[in-house]
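A.B. asks: Below you will find the structure I want to go over with you.
The values are calculated or read from the model by the stated rules, or taken from the named source; none is laboratory data. Note that the structure is predicted; figures quoted are calculated from it, not measured. Virtual Cβ from ideal backbone geometry, glycine too; neighbours counted across all protein chains shown.
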């Protein structure tokens with residue numbers, strides 16, 4: 001992710017397709033907002049598993065069809081490591 005010192009540079013980079021931290025967090029928030037809306041009619045535990053399934057499915061698509069990963073097990077380990085780190089960080093967040 002790219003970081004920028006001023007708003008104009010960040011907006012220009014985002015307009016050119018760069019993934020900035022702000023754009024990343026806004027995108028993640030859109031998925032969380034969707035989950036919160038769905039949680040009105042779906043138990044959080046069921047919703048959680050559906051989101052994990054969707055994430056795994058999309059990650060497999062990216063690995064196979066976008067990145068053309070040949071070493072599937074290494075890709076799985078990389079994804080597990082990234083997920084574990086994110087999960088640990090969020091569990092440690094006192095504001096969550």
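A.B. asks: Please go through the range 16-49 and give me each residue that is surrounded by 13 or more Cβ atoms within 10 Å (Cβ to Cβ) and either in the same structural domain as residue 90 (by TED's automatic domain parsing) or more than 14 Å from the chain's Cα centre (by Cα) (or both), ordered by number. If you could, list the steps in order and put the result at the bottom.
C.D. replies: To start, the set of residues in the range 16-49 that are surrounded by 13 or more Cβ atoms within 10 Å (Cβ to Cβ) comprises 18, 20, 22-23, 35, 38-39, 42, 47-48.
Selection gives 18, 38, 39, 42, 47, 48.
A.B. asks: Additional query: Quick check on the range 32-48. Is at least one of its residues assigned to a helix (DSSP H, G or I) and within 17 Å of residue 82 (Cα to Cα)? Can you show your working first?
C.D. replies: Here is the first cut: in the range 32-48, the ones assigned to a helix (DSSP H, G or I) are 32-38, 44-48.
Those still in the list that are within 17 Å of residue 82 (Cα to Cα) too: none.
Scanning the range 32-48 turns up no residue that is assigned to a helix (DSSP H, G or I) and within 17 Å of residue 82 (Cα to Cα).
A.B. asks: Here is a list: 53, 58. Which entry is within 28 Å of residue 11 (Cα to Cα), out of contact with any strand residue (DSSP E or B) (no Cβ under 8 Å at 6 or more places or on another chain) and not assigned by TED's automatic domain parsing to the domain that holds residue 11? Walk me through it before giving the result.
C.D. replies: On the way: 53 fails: within 28 Å of residue 11 (Cα to Cα).
Answer to the selection: 58.
A.B. asks: Look through 56, 84 and report the one residue that is surrounded by 11 or more Cβ atoms within 10 Å (Cβ to Cβ), within 26 Å of residue 29 (Cβ to Cβ) and without any contact (Cβ under 8 Å) to a residue 40 or more places away in the chain. Spell out the reasoning first.
C.D. replies: Working: 84 fails: surrounded by 11 or more Cβ atoms within 10 Å (Cβ to Cβ).
Exactly one of 56, 84 is surrounded by 11 or more Cβ atoms within 10 Å (Cβ to Cβ), within 26 Å of residue 29 (Cβ to Cβ) and without any contact (Cβ under 8 Å) to a residue 40 or more places away in the chain, namely 56.
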